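The values are calculated or read from the model by the stated rules, or taken from the named source; none is laboratory data. Computed from a predicted model, the values in this text were never measured in an experiment. A quick note on method: Cβ atoms are made from the backbone with ideal geometry, for glycine too, and the neighbour counts reach across all protein chains shown.
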């Protein structure tokens with residue numbers, strides 16, 4: 001049997017971020033080695049959950065903005081990062097974490113599936129305009145105009 005790299009024959013490609021431990025996920029993301037296809041909406045929520053757990057809400061906001069912006073520049077043209085969506089996501093995850101009994105992210109997301117399946121509707125309770133397509137919201141944080149985050 002011939003193989004160009006005999007050490008790789010046993011490695012199964014990662015198809016979902018959930019296959020990684022929290023440490024692996026965070027390290028691969030921060031190094032820019034996480035495949036962009038694995039950084040989906042749930043992965044954004046997971047990153048917020050991890051950063052809130054480690055750094056508190058303010059630290060999570062700062063770290064999320066910095067790291068996601070860098071990831072966007074590394075894997076794209078730097079135009080997908082949205083400041084308001086990122087901060088709103090951290091604040092929304094923090095809100096639900098205060099009510100949670102979960103010990104890990106997967107227990108948390110199971111406890112609050114709306115975060116995964118109805119996230120835009122949750123944010124629509126705070127914003128009267130579409131923060132996902134608003135250029136000003138993309139480049140700087142815009143406070144909610146309907147209802148503040150707690």
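Is it true that residue 94 is free of Cβ contacts under 8 Å to residues at least 60 places away in the same chain and either on the phi > 0 side of the Ramachandran plot or crowded, with 17+ Cβ neighbours inside 10 Å (or both)?
Yes; evaluated as a whole, the condition is true for this residue.
State yes or no: is residue 42 closer than 20 Å to residue 20 by Cα and either in contact (Cβ under 8 Å) with a residue 40 or more places away in the chain or within 16 Å of the chain's Cα centre (by Cα) (or both)?
Working: closer than 20 Å to residue 20 by Cα: yes; either in contact (Cβ under 8 Å) with a residue 40 or more places away in the chain or within 16 Å of the chain's Cα centre (by Cα) (or both): yes.
Yes, satisfied.
Considering each residue of region 10-33, count those that are farther than 20 Å from residue 116 by Cα, at pLDDT 95 or above and either buried (at least 18 other Cβ atoms within 10 Å of the Cβ) or touching a helix residue (DSSP H, G or I) at 6+ places or on another chain (Cβ under 7 Å) (or both), and give that number.
Final tally of qualifying residues: 2.
From (1) surrounded by 14 or more Cβ atoms within 10 Å (Cβ to Cβ); (2) at positive phi, pick out the condition that doesn't hold for residue 78.
Here residue 78 clears every test but (1).
Collect the residues in region 121-138 that are surrounded by 13 or more Cβ atoms within 10 Å (Cβ to Cβ) and either more than 18 Å from the chain's Cα centre (by Cα) or in a helix (DSSP H, G or I) (or both), keeping them in residue-number order. Explain how you work it out, then say what you get.
Going residue by residue through region 121-138, those that are surrounded by 13 or more Cβ atoms within 10 Å (Cβ to Cβ) are 122-124, 126-127, 129, 131-132, 134, 137-138.
Within region 121-138, 122, 123, 124, 126, 127, 129, 134, 137, 138 qualify.
Among the residues of region 105-120, how many are in a loop (DSSP other than H, G, I, E, B) and exposed (fewer than 13 other Cβ atoms within 10 Å of the Cβ)?
Number of matching residues: 2.
Against the definition (in a loop (DSSP other than H, G, I, E, B), free of Cβ contacts under 8 Å to residues at least 40 places away in the same chain and either at negative phi or out of contact with any strand residue (DSSP E or B) (no Cβ under 9 Å at 6 or more places or on another chain) (or both)), how does residue 67 come out, yes or no?
no
For the condition part of a helix (DSSP H, G or I), under 21 Å from residue 22 (Cα atoms) and either in contact with a strand residue (DSSP E or B) (Cβ under 9 Å, 6 or more places away or on another chain) or modelled with pLDDT of 95 or more (or both), what is the one hit in 85, 93?
When all the criteria are applied, what remains is 93.
Please tell me if residue 119 is in contact (Cβ under 8 Å) with a residue 24 or more places away in the chain, under 20 Å from residue 52 (Cα atoms) and touching a helix residue (DSSP H, G or I) at 6+ places or on another chain (Cβ under 8 Å).
yes
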